[in-house]
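Data block below; observations after.
Where a number appears in this text, it was derived from the coordinates with a stated rule and is not lab data. Everything numeric here is computed off the predicted structure, so don't read it as measured data. Reconstructed Cβ throughout: ideal geometry from the backbone, glycine too, with neighbour counts over all protein chains shown.
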Amino acid sequence: MKITDIHTHLIHPSRGKNWLFVKVETDEGIHGWGECYTQADRDRTIEIHVQELANYLEGRSPFEIKHFNHWAYHDYGGKRGAMELYCAMSGIEHALWDICGKASGQPIYNMLGGKCRERIRVYANGWGGGSTPDEIANRARQVVDLGFTALKFDPFPGRWRTIIDRSVEVEAVERVRAVREAVGPDVEILVEVHRRLSPLHAIRVAREMEPFRPYWYEEPVSVRDPNGLQEAKRGVNIPVVTGEELYTKAEFRDIFEKRATDIINPDVCNCGGILELKEIAAMAEVYHVAVSPHNYNSTTIGLAATIHASATMPNFLITEYFLNFEEIGQEIARPAFEVEDSHIRLPTSPGLGIDLDESALANRPYQHFKSRNLPHPADER
């Protein structure tokens, strides 16, 4: 079997960022789907990487996945990694696994060592609404009524930037308190910080949140400051999560050796793909670190790739499900995933166990992201 063509589908889901799907075709009529993580204003750059990599893949076997990953980084990338390259590699890699599974008549998790569980636990994200603690609490209660037993939100108001304003910290703590009172003691609350705090502020805020028993404290300090993250982890009594801004096994090594995190959240759509995510999880297992894959945006192919990799991990904890993209997932996926009691059952059909409706994709044309105007320095108060 040989790869004959690789196509990209860059679509807009009606809100947020554009999504980038990859379709790989073969001379035996078997095709595979993949999904690339995207960033606003950088989505077309990622698409170009996919198209350039495609020039080298045509005529090769789709089964040579490990060789593709090695070659793409060492030869195509010249050992110079970047988010765009890893996103492109990841989307292609998913599609190759999808083809291999279909050709072998097996779901991908059976080709990775077999499943450790029948269902994958998910937490709700993308449910936010309102700005006051009471409004957020009411929305959280509605999410729990849908059957979710865990939910994540960023309680810090304002832009994604370093926070030194005490009033912002107080507001974040108040929002966590309100959500805990709304959902009761048995629902897990996952606190997102988006890498905005210094170690000192991260510790102070976490200690004030501790009485409300957050399930975790996600990216309080950027992992690009591993010593600062380590300092924050040692100063709080909430499990710390990091990994969303790291790519490939090599970038996780230092975090494990420093014991700077309790849980990692690499994303299968940008870390290098399904196999790379599984290998990162195996490294984490040695250091007694749990794995909770990040899954921003996807309710289709990226989610499927996450599910298959997660099924094989003894140290898997929970993964991400975006409620605000559930409807479009049902529109473009065949079949769409269903969440029941905060879990998704493993697919049993060969490959990823999911296909995309190309006519539905065509109805969601790409939309150029209109850049936000950079604030004037005088406005940065």
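Brief remarks on what is shown
- Only Lys, Arg, Asp and Glu carry charge here, each on its Cβ (+1 for the first two, -1 for the last two); on that basis the range 28-176 has a dipole of about 420 debye about its Cα centre.
- Length added when fully stretched, N363-R42, from 0.36 nm per residue minus Cα-Cα: 113.4 nm
- Taking every DSSP beta bridge that has both ends in the chain, the antiparallel portion is near 50%.
- Annotation: peptides 301-308, 213-220, ranked by per-residue average of other Cβ atoms within 10 Å with the highest first, follow the order 301-308, 213-220.
- Rg/Rg_ref, the range 195-239, where Rg_ref = 2.2 N^0.38 Å and atoms are Cα: 1.01
- Taking 0.36 nm per residue of separation and subtracting the current Cα-Cα distance, fully stretching the chain between Y287 and E338 would add 15.0 nm.
- Computed over the chain with a Gaussian network model linking Cα atoms closer than 10 Å, the most mobile of H343, H67, H12 is H67.
- Among residues other than S14 with Cβ under 14 Å from its Cβ, the summed charge is 0 (Lys and Arg +1, Asp and Glu -1).
- When the alpha carbon coordinates of the range 1-150 are projected onto the principal axes, the ranges are 58, 38, 28 Å, largest first.
- Whichever lysines have a C-alpha closer than 23 Å to that of K17, once near sequence neighbours (fewer than 8 apart) are set aside: K152, K370
- Near V183: Cβ cut-off under 13 Å, other residues only, Lys/Arg at +1 and Asp/Glu at -1. The net charge is +3.
- Spatial offset of the range 156-216 relative to the range 12-59 amounts to 36 Å, using the alpha carbon center of each.
- When both the range 101-146 and the range 291-367 are represented by their alpha-carbon centers, they are found 9 Å apart.
- Packing, as the average of other Cβ atoms within 10 Å across residues, places the peptides 312-319, 133-140 in the order 312-319, 133-140, highest first.
- With a cut-off of 16 Å on the backbone N, the residues of the range 204-244 near the modelled label site 7 Å out from V170 along Cα-Cβ are 205, 208-209.
- Using the average count of surrounding beta-carbon atoms within 10 Å as a protection proxy, the listed peptides 264-277, 357-370, 232-245 rank, highest first, as 264-277, 232-245, 357-370.
- Sparse-neighbour loop sites [chymotrypsin sites (Phe, Trp or Tyr not before Pro); the range 77-180; at most 14 other C-beta within 10 Å; DSSP]: W160
- Residues in the range 92-129 reached by a label modelled at E64 [backbone nitrogen below 18 Å; 7 Å Cα→Cβ]: 92-101
- Dipole in debye (nearest 20) - the range 3-109, about Cα centre, beta carbon charges: Lys, Arg +1; Asp, Glu -1: 380 debye
- Comparing D43, D27, D165 in a Gaussian network model of the chain where C-alpha atoms under 10 Å apart are linked, the largest mean-square fluctuation is found at D165.
- Highest-fluctuation residue, L200, L112, L190 considered, GNM on the chain with Cα pairs under 10 Å: L200
- Dipole magnitude for the range 111-351: about 460 debye, using +1 per Lys or Arg Cβ and -1 per Asp or Glu Cβ, origin at the Cα centre.
- Isolated Cys in the chain, by beta carbon distance under 4.7 Å: C100, C116, C269, C271
- Helix-only CD estimate at 222 nm, as mean residue ellipticity for the chain, using -39500 (n - 2.57) per DSSP H run (n ≥ 4): -11500 deg cm²/dmol
- Set of aspartates and glutamates near K79 by C-alpha distance (under 15 Å), chain-local residues within fewer than 8 positions excluded: E251
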